[in-house]
Amino acid sequence: MKRFGVGFVFVIALSFIVASLSAPPGATAAAKTVKPAAAAAAKTVTIGFTASKTGKFNVEATRQINGLHLWMEQVNGAGGIKLADGTVIKVADKFYDDESKKERVQELYTKLINTDKADFLISPYSSGLTDASAVIAQQYNRIMITAGAASDSTYKKGYTLVYQSYTPASRYLTGAVDILLKLAPKAKKIAIIHENDKFATDVVKALKIYAEKKGLNVALFEGYDSGTADFAPFINKIPADVDAIMGGGHFADTTTLARQLYEKKINTKMIALLVAPPEPKFAELGDACISVVGSSQWEPLAHFTKESAAKEGITWFGPTGEEFINAYKAKYKEDPSYHSAGGYVAGMILQDAIMKAGSTDTAKVKAALDAMNIMTFYGQLKFATGPKDHGLQLGHDMVYIQWQKDKQGKAMKQVVWPLAGATASAFVCPAR
Amino acid sequence: MILQVYDLTKRFGGLQALSDVTFDLHTGEILGLIGPNGAGKTTLFNVINGVYTPERGRVSFRGEDITGLPSYDVARLGLARTHQVVRPLHELTVRENVMVGACYGREKHSLKEARRLADGSLDKVGLLDRGDQPSGSLNVSQKKRLELARALAARPYLLLLDEVLAGLNPSEIASMMDTVRAIREDGISILMIEHVMQAIMSISDRILVLDYGTLIATGAPEEVANNPQVIEAYLGDPNMTARLLAE
Amino acid sequence: MKVWQKPGFWLPLVIVLVWGGAVLLIHQDTMRESAFVLLMAVGLASSLNILLGYTGYVSFGHIVFFGLGGYTGFYLLSEQGWPLFASAIGGGLLSAFIAGLVGLAVLRLRGAYFALATIGINEAARAFVSNFEPYGGATGMFVNFSAYQKYGGPGPALWTTFTFLWITTMVVLVASYLVKHSRFGLGLLAIREDEDAAMVMGVKAPKAKTITYVISAFFPGVIGTLYFFKNGNIEPGDAFQLHMSIEMLVMVMLGGMGTVMGPLVGAVGYQWLRGYLLTSPIFKDLHLAVAGAMLLVIILFVPAGLVGWVRNHVQRLQKVLE
Amino acid sequence: MLDQLISSLTDGLLLGFVYGVAAMGLTLIWGVMSVINLAHGPVIAMGMFGTYLLFTHLGVNPYLAMVPVAGAGLIAGLVIYVIAVHRVINAPHLSSLLATFAVNMIIIGVGTAVFSTSPQNINYSLGSVEVGFLTFPASRLVGAFGAILVTACLYLFLYFTRAGKAIRAVANNRMAAELMGIPSSRVLALSFGLGTMMAAVAGGLIATFFPFTVLSGGPYELKSFVICVLGGLGHPLGALVGGLMLGGLEGLIPTFMPVSWVPVVEFGLFVLVLLVRPSGLFGAK
């Protein structure tokens, strides 16, 4: 009896060990490896990331991955990254579906590093997921370029290997205050309604400080849960004489907020919202989208050229905006959004750093990233290197768009800020 | 005097379940409690052992006021009971059922001690060979015995028996009666509710009769059987009346 | 027979001992990560089982203790600079304390009412923490990366965390066994079968239930701290996920409620199944539906769970599988 | 301040009617068979998607779409009852809770595979209504009317039809009803179907004014619990009162504190009422 028990223990224990070896819970076979065309002397680096193929970030994440894949295709198509010592580096990727869930992200990044031996990492979409993956990258000493992750807080945790390609959240809506004061110099009061997540909170905290510094009174400052569908309680709290309403969060909730503001016939001079307005899909709101201002990491209409780079004395790198847009359209049959550009740029950042480092060694590439200061079709790229905010994007700036009606009465977005790159001038909300 | 009940009153909403019930139970006595259905007999048990709190009145057990005490405290003072509708702890074995009684009863035994005691009381009710069976698998008569064994294992001073004979066949009734007598021999006082008239009349030292929550008669079995008020109370129930008159 | 002479006591313990020990010896990161997830599931399910399996009280919001404990431990660790071990115990104690307070009130409710109340408590706690500034409000808290240096850098820190979790899981299993096979546990089983009858037999149900609630809340608090330390941050949305509560219930039911082995088998089985379904090309999109269908089949046809079923059908294993 | 209070309260109360309908389904099922239907949320979501599909693909007016959605809800309820609930109707609560939760997982799983978890929206606007300084979407007003209509129908059904009376009899005392020759299994199945139907209709109504995903039923299920407890578990009409109370609270609280405190108060109150008056604030028992 006893011997039987002991044997039993070991059989079961063994099977558990095997279980934890062979079937890590939640591992997805959705992984796909894009093998580069075989080249004799080529060395291949693996870039690992997760993508929200399902879940709430599905739309934005897909664009980001499209951008990244376009970059890979171009790099490998051009024969790889050629280093000074003659080595040719090809890139391959390895990715899993994170279902927009944080617990999966951490599991999968650990797997990417340990099992799939990823050399470099790209972040998932959204600040929340990136935050989760950045810990892992740093824990295992891997460089991670973040895309679609604007929240400042990720870069204030003492990480040394995480680099941001987006303009940080703290500079997301401050320009909207400038626009407001330009349009309506007498503006006094603004209301801020924001999603209660890392990204939007970081945005509005900085926004509030900036607005108050500019002499505005923040009459309402409230956060809503990520899944909120009913904004009436918030809208009802907006004082009647408010000059601007700012805030929002991600695409779905911000669109709903814009719609309900319209349905409630809120009168104000300006509505500036996060993330959603630059998306082409925002036009589906119809009249509710008109006059809404949004900030964008990049707009096809915005102009960064080799000439402008030369004028500022910064090195130009990569394709021009037109080349990128045309290549993207050819491959995916749709217009690129700023999320697409973000994915592409994340790849470019790696490419430039590897070239300058002349190696794929983590420490050397890190040094190259720390020293980076380049101009691309997406704008300037330069990272903070201090211990308090290492990796934070310093070079890149936002552009602001506004939905306006063209001559046929069709809604279309125009770049309105900075004035240098503007395609139309901003206007004050029509009374509605 | 082991149990004194004074002026006990219990209402459920508009229903007067017990009104001013007063009686004593002497040490070593078997006191029978009869009455038509719905007379409040089980309610009286529930008030005595703390399942319900009375609106008015007092219960004292071995000189201690136990009115309104929760049922587990009452049990620990040495007052055990069985249920009219048997309530075995289905998933536990017969022995474990009885061990609960021993562990949490008056003497608060350890598990090991309780196991020994449990076998003793199972032996007393004739269930020893079923100790390892799940209690849910017993038949009604065995379940009744199990209830009894569980109550006994608590080593109570006073035992409240709620219709332990109901649903048993004549030979089972006879052997259960023997068991009850044997319990009394061990010095345990008994208050028992019973509908099997012949049995209760023969085993009880005294009888209480409850009708609509009021105590209408107290006394020796013969006295009670001939009490006109009692006969009248049972008239609504011709069957009962017949049996009572046949006494 | 003393406790340490019983195979039923040793079986779960040795399994986890050998398993965790092997992971430590092999020292492979991926293996540690999956073992972490599995051990955490075992620990949580076993803690829940102490309440659910022994008293029959269905706590649908048991994750609240994981969340509150995790938050408190995390706060002690990152804001107050406590060491990991002390923080984890602190988190556990807070969970236990809250359970004591809440239990005194809520455990008066029976059956579905109790289940509903636990859901309400979880939602209220989540909403409260979202508004509680010391705990970082809606955006939560994070560990500054330098905190890992205390444990010799991130790598060793993660191994330390794993070791704590491993030990905690074994403690939960021991606690689960000891509770079940004690006089106290017998009282709990009596409450599970028939609370009123148990009270009539002298079982102090309110006190016993509250103590059990406290015990079963302590461990999730400890585990929560370890988990969120490993993650590096904590947010209300992650800490109070109702679906994790229900997954815990499913694991207990799958393995067999009221047994010591059940939650262990159930947790590993459930996580393995989930992993399998997620990787299977056919069920990838339907994993939730397939898991639901399996749960339904178990509830309808094998309510005793795997371990319960084996115990009932194979006499020889009754002494081994507790 | 007062303007804000009034407009906030109006919005809340209008929504409260719809909450009431969702809760009514839950409370009906509880009242008749003491089962807490954890598949309630996904059914609400299915109601949303049913209305959405009929509107987007067949161009059916969303309010008209409510009729086939209700029918489908009834059938779905019957099916769920027969497959998942009937066997565990007399088992401990854990069994029925988990059985209905399993159904929840199945519906959400299939729903996610088919519709993904991306948000959807019924693009059908009735414009806004302006009364004095109040402005609110007309769809909310129509939703409230719809809710009242549904409640009235349920009331008429329960009190004036044979089947309805049978349901009330079984709710009151199943054993006695069986002795009187009422086929209790059929009545139980019908009640479950009706409860599910209410959920589907509530989902349809909600979909006309809010965007939704496959997972959107969850919050309304939780709200339904709160409402049922406020109004008394098992009292269909109490659910409407409870719904109005909850809607009112949701309108009232934000006037005095940040909106994010609403759930704290809501669920705190829920637990409190459960403890103090488990039969609900207006419970008859």
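At a glance:
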item: Yes/no for A:LEU173 being closer than 20 Å to A:LEU274 by Cβ and free of Cβ contacts under 8 Å to residues at least 60 places away in the same chain; result: no
item: Members of region C:184-201 that are out of contact with any strand residue (DSSP E or B) (no Cβ under 8 Å at 6 or more places or on another chain) and within 8 Å of chain B (Cβ to nearest Cβ); result: C:LEU186, C:GLY187, C:LEU189, C:ALA190, C:ARG192, C:GLU193, C:ASP194, C:ASP196, C:ALA197, C:ALA198, C:MET199
item: Failed condition for C:TRP82, given (1) of a type outside the set (Lys, Arg); (2) in a helix (DSSP H, G or I); (3) touching a helix residue (DSSP H, G or I) at 6+ places or on another chain (Cβ under 9 Å); result: (2)
item: Any helices (runs of 4 or more DSSP H) falling wholly within region C:167-274 and containing at least 3 residues that are aromatic (Phe, Trp, Tyr); result: C:205-231
item: Some residue of region A:71-94 being modelled with pLDDT of 85 or more, touching a Leu at 6+ places or on another chain (Cβ under 7 Å) and in the same structural domain as A:TYR163 (by TED's automatic domain parsing); result: yes
item: Single unsatisfied condition, B:GLY126 versus (1) out of contact with any Pro (no Cβ under 9 Å at 6 or more places or on another chain); (2) within 30 Å of B:MET201 (Cα to Cα); (3) open to solvent by less than 50 Å² (accessible area, probe 1.4 Å); (4) touching a residue at least 40 places away in the same chain (Cβ under 8 Å); result: (3)
item: When residues of region B:36-61 are limited to those that are under 14 Å from the mean Cα position of the chain (by Cα) and in contact (Cβ under 8 Å) with a residue 60 or more places away in the chain, the one nearest to B:PRO156 (Cα to Cα); result: B:ASN49
item: C:LEU278 facing another protein chain (nearest Cβ under 9 Å), hydrophobic (A, V, I, L, M, F, W, C) and under 26 Å from A:THR130 (Cβ atoms); result: yes
item: Matching residues in region C:258-286 - criterion: being modelled with pLDDT of 90 or more and aliphatic (A, V, I, L, M); result: C:VAL260, C:MET261, C:LEU264, C:VAL265, C:ALA267, C:VAL268
item: Pick from region B:61-103, criterion more than 10 Å from every other protein chain (Cβ to nearest Cβ) and in a loop (DSSP other than H, G, I, E, B), ranking: nearest to C:LYS204 (Cα to Cα); result: B:LEU69
item: Residue check, C:LEU84 crowded, with 20+ Cβ neighbours inside 10 Å, under 23 Å from the mean Cα position of the chain (by Cα) and under 24 Å from C:SER59 (Cβ atoms); result: no
item: Some residue of region A:276-289 being more than 19 Å from A:GLY379 (Cβ to Cβ), under 21 Å from the mean Cα position of the chain (by Cα), of a type in the set (Lys, Arg) and surrounded by fewer than 17 Cβ atoms within 10 Å (Cβ to Cβ); result: yes
item: Filter pass, D:TYR52 being in contact (Cβ under 8 Å) with a residue 60 or more places away in the chain, within 18 Å of D:GLY111 (Cα to Cα) and either out of contact with any Phe, Trp or Tyr (no Cβ under 7 Å at 6 or more places or on another chain) or surrounded by 24 or more Cβ atoms within 10 Å (Cβ to Cβ) (or both); result: yes
item: Qualifying position, being open to solvent by less than 10 Å² (accessible area, probe 1.4 Å) and not in a helix (DSSP H, G or I), among A:LEU381, A:LEU369; result: A:LEU381
item: Strands (runs of 3 or more DSSP E) (entirely within region A:80-185) containing at least 1 residues that are closer than 19 Å to A:ALA341 by Cα and within 15 Å of the chain's Cα centre (by Cα); result: A:120-122, A:143-146, A:162-164
item: Subset of region B:1-23 [surrounded by 15 or more Cβ atoms within 10 Å (Cβ to Cβ) and either on the phi > 0 side of the Ramachandran plot or not polar (S, T, N, Q) (or both)]; result: B:ILE2, B:LEU3, B:VAL5, B:TYR6, B:LEU8, B:LYS10, B:ALA17, B:LEU18, B:VAL21, B:PHE23
item: Which numbered condition D:PHE267 fails, given (1) of a type in the set (Phe, Trp, Tyr); (2) touching a helix residue (DSSP H, G or I) at 6+ places or on another chain (Cβ under 7 Å); (3) more than 10 Å from chain C (Cβ to nearest Cβ); result: (3)
item: Filter pass, D:ALA176 being farther than 18 Å from D:VAL103 by Cα and either within 14 Å of chain A (Cβ to nearest Cβ) or surrounded by fewer than 24 Cβ atoms within 10 Å (Cβ to Cβ) (or both); result: yes
item: Tabulated pairs, region A:389-408, first free of Cβ contacts under 8 Å to residues at least 60 places away in the same chain and more than 13 Å from A:GLN164 (Cα to Cα), second open to solvent by 10 Å² or more (accessible area, probe 1.4 Å) and hydrophobic (A, V, I, L, M, F, W, C), C-beta under 9 angstrom, 6+ apart or interchain; result: A:ASP406/A:MET412
item: Matching residues, region A:269-296, being within 14 Å of chain D (Cβ to nearest Cβ) and basic (Lys, Arg); result: A:LYS281
item: Residue within region A:178-187 that is within 14 Å of another protein chain (Cβ to nearest Cβ) and either open to solvent by 10 Å² or more (accessible area, probe 1.4 Å) or modelled with pLDDT of 95 or more (or both) present; result: no
item: Where C:LYS207 falls short, out of the listed (1) within 30 Å of B:TYR157 (Cβ to Cβ); (2) surrounded by 17 or more Cβ atoms within 10 Å (Cβ to Cβ); (3) among the basic types (Lys, Arg); result: (2)
item: Filter result (more than 8 Å from chain D (Cβ to nearest Cβ), over 17 Å from B:THR93 (Cβ atoms) and open to solvent by 70 Å² or more (accessible area, probe 1.4 Å)) within region C:295-322; result: C:VAL297, C:PHE301, C:LEU306, C:TRP309, C:ARG316
item: 1 or more residues among the polar types (S, T, N, Q) and either modelled with pLDDT of 85 or more or farther than 19 Å from B:VAL85 by Cβ (or both): qualifying helices (runs of 4 or more DSSP H) within region B:136-247; result: B:140-153, B:170-185, B:197-203, B:228-235, B:238-245
item: Single unsatisfied condition, B:GLU107 versus (1) at pLDDT below 90; (2) closer than 24 Å to C:ASN312 by Cβ; result: (2)
item: Qualifying residue in region C:134-156 (condition: modelled with pLDDT of 90 or more and within 14 Å of chain A (Cβ to nearest Cβ)); result: yes
item: Region D:102-159: number of residues that are within 21 Å of the chain's Cα centre (by Cα) and either of a type outside the set (Gly, Ala, Ser) or more than 11 Å from every other protein chain (Cβ to nearest Cβ) (or both); result: 30
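The values are calculated or read from the model by the stated rules, or taken from the named source; none is laboratory data. Please read these numbers as outputs of a predicted model, since none were measured by experiment. Note that each Cβ is placed from the backbone with ideal geometry, even for glycine, and that neighbours are counted across all protein chains shown. All accessible areas refer to the heavy atoms of the entire protein, side chains included, with ligands and DNA or RNA removed. Shrake-Rupley method; radii C 1.70, N 1.55, O 1.52, S 1.80 Å.
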